[in-house]
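Each remark here refers to the structure printed beneath this line.
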């Protein structure tokens, strides 16, 4: 044994390091300092971002489903003709639709609904009757559906001013964009988890390096590497869970304060959670604790093997 360790009361030293809580975490790993603040701050920030990434993923998924279902059930026919012929052309279209198998309902969209559709571009109180606005006919298909291609050819032959629009060219890009946003939300969650794992590993390695002398003393009095690693795992897991819980709470509060879709009526004002979806962010602190446990354990055991 080295001379500087011969006159040390090893039993008193071990009891002092263990402390009253029965573990070495409180003595080996400092409860305050740079690594503690770094762990709490990084876990809280990652949890806050994870809440928004999760909300984005869920909201865009609902948006894609809503656009797909609503646009798939509705087909529109646009009838354009001079004012003295518009009524007759519209009547021909309605007669054709009555004879078309698969059409459950066909109705002409009234002027007040057309005015509401034009309001975002022309403002309120649009004089629809004074504008050369084509007549719009909304078709709802039954369960079997109808032959859109055949109906389009018949309209082209009998009513040249009528155009069938099944919304395919509008639906597909919108649904595709919403699904890509959902995928990006999932990817963001994965990147956040990876960044949090890396931060936990760096913080654990920094704390281990700062306590190298204490680790060597513990080994001299018989402490195993697993026991020393458990001290770091316990402390960093608790910090990760605490920081993530605070970040999750702040993120859920920020989501709750966002404007409702009915109030703002914007594109993605529905960003948020609905129903049981509010329980999903509560899993983030548990996941953060698991990440902190495995990341710290791997980093601690790996670095302890390298410490002489």
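Here are the numbers for the structure shown:
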{"quantity": "Test: residue in segment 153-167 that is at pLDDT below 80 and either part of a helix (DSSP H, G or I) or buried (at least 17 other Cβ atoms within 10 Å of the Cβ) (or both)", "calculated": "yes"}
{"quantity": "Flag for residue 232 being at pLDDT below 85 and either in a helix (DSSP H, G or I) or over 30 Å from residue 206 (Cα atoms) (or both)", "calculated": "yes"}
{"quantity": "Segment 65-83, subset over 16 Å from residue 140 (Cα atoms) and loosely packed, with under 13 Cβ neighbours inside 10 Å, residue modelled with the highest pLDDT", "calculated": "82"}
{"quantity": "Some residue of segment 84-92 being part of a loop (DSSP other than H, G, I, E, B), at pLDDT 70 or above, surrounded by 13 or more Cβ atoms within 10 Å (Cβ to Cβ) and in the same structural domain as residue 151 (by TED's automatic domain parsing)", "calculated": "no"}
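The values are calculated or read from the model by the stated rules, or taken from the named source; none is laboratory data. Just so you know, these numbers come straight off a predicted model, no measurement behind them. Counting neighbours? That spans all protein chains shown, and the Cβs are built from the backbone with ideal geometry, glycine included.
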